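Working notes, beginning with the structure itself.
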Amino acid sequence: MRELRDENILRLKDGRKLGYAEYGNPDGFPIFLLHGNPGSRLIWGLLPTALLPPDLHVIAPDRPGYGLSEYSAHRSVADFPEDIVELADSLGVGEFSLAGFSGGGPAALACAWKIPDRLYSVGVISSVGPLEKPLALIGMRRMFRALYRASYFLPWIVRAQMGFVASLARRNPEKLQN
């Protein structure tokens with residue numbers, strides 16, 4: 001049985017690095033899980049193994065700009081399916097399921113649109129949508145509304161906020177549980 005790790009890096013055809021983790025049964029049915037914002041491939045390793053069906057092979061890539069994956073200003077979420085296909089091919093995976101959570105939802109929908117022949121099923125859970133649409137921010141916490149609005153004009157604010165949360169997580173992880 002192949003050993004599963006959470007620090008894998010695939011060098012993509014365009015030279016970027018794609019980080020990914022694998023959990024569960026390497027001979028099981030493959031499902032790609034796409035993390036939200038903020039997040040990374042490591043979130044799925046926090047699940048107790050008892051929650052994973054014994055016949056499931058979880059492949060958890062870092063989306064571009066997160067974790068071990070490199071960002072490219074010349075690519076969009078619509079290009080992400082190419083990364084998923086390269087990863088699946090490198091692992092010898094043909095057909096697979098895929099689920100996107102929160103900020104991973106748009107990437108999952110891009111895969112459903114662009115690579116339907118490779119997908120057994122696609123799930124989108126608590127996904128974000130086009131935030132520039134009227135009424136899109138209704139019901140969202142004031143702090144998050146302000147952050148999303150500011151991100152268009154002052155992207156450094158989002159980087160600073162995410163850096164602050166990351167430093168809190170490293171120093172005092174129990175503060176993030178509420």
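Residue-by-condition table, conditions (1) at pLDDT below 85; (2) open to solvent by 70 Å² or more (accessible area, probe 1.4 Å); (3) more than 21 Å from Arg63 (Cβ to Cβ):
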position	(1), (2), (3)
Asp117	no, yes, yes
Glu132	yes, yes, no
Arg145	yes, no, yes
Phe153	yes, yes, yes
Ala160	yes, no, no
Ala166	yes, no, no
Asn172	yes, no, yes
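Taking only region 119-130 into account, find how many residues are modelled with pLDDT under 95 and surrounded by 12 or more Cβ atoms within 10 Å (Cβ to Cβ).
So the count comes out to 3.
Return the residues of region 39-91 that are within 18 Å of Pro106 (Cβ to Cβ), open to solvent by 40 Å² or more (accessible area, probe 1.4 Å) and either at pLDDT 95 or above or within 12 Å of the chain's Cα centre (by Cα) (or both); say none if nothing qualifies.
Ile43, Pro64, Gly65, Tyr66, Gly67, Val77, Glu82
Give Leu137, Leu109 a once-over and let me know the one that is of a type in the set (A, V, I, L, M, F, W, C) and closer than 21 Å to Ser69 by Cβ.
The conditions single out Leu109.
Here is a check on your reading of the model: is Leu34 under 25 Å from Gln161 (Cβ atoms), among the aliphatic types (A, V, I, L, M) and open to solvent by less than 10 Å² (accessible area, probe 1.4 Å)?
Here the answer is yes, as Leu34 does meet what is asked.
Search region 21-31 for residues being touching a helix residue (DSSP H, G or I) at 6+ places or on another chain (Cβ under 9 Å) and either within 20 Å of Ala112 (Cα to Cα) or aliphatic (A, V, I, L, M) (or both), and hand back the single one that is most open to solvent (accessible area, probe 1.4 Å).
Taking the candidates together, the pick is Pro30.
Within the set of pairs 6 or more residues apart or between chains, which connect a residue that is farther than 11 Å from Pro38 by Cβ inside region 157-174 to a residue that is modelled with pLDDT under 70 with Cβ atoms less than 7 Å apart?
Cβ pairs passing all conditions: Leu168/Lys175; Leu168/Leu176.
The values are calculated or read from the model by the stated rules, or taken from the named source; none is laboratory data. Every value quoted in this text rests on a predicted model; they were computed, and no experiment measured them. A quick note on method: Cβ atoms are made from the backbone with ideal geometry, for glycine too, and the neighbour counts reach across all protein chains shown. Ligands, DNA and RNA are excluded from the accessible area calculation, which covers all protein heavy atoms including side chains. Shrake-Rupley method; radii C 1.70, N 1.55, O 1.52, S 1.80 Å.
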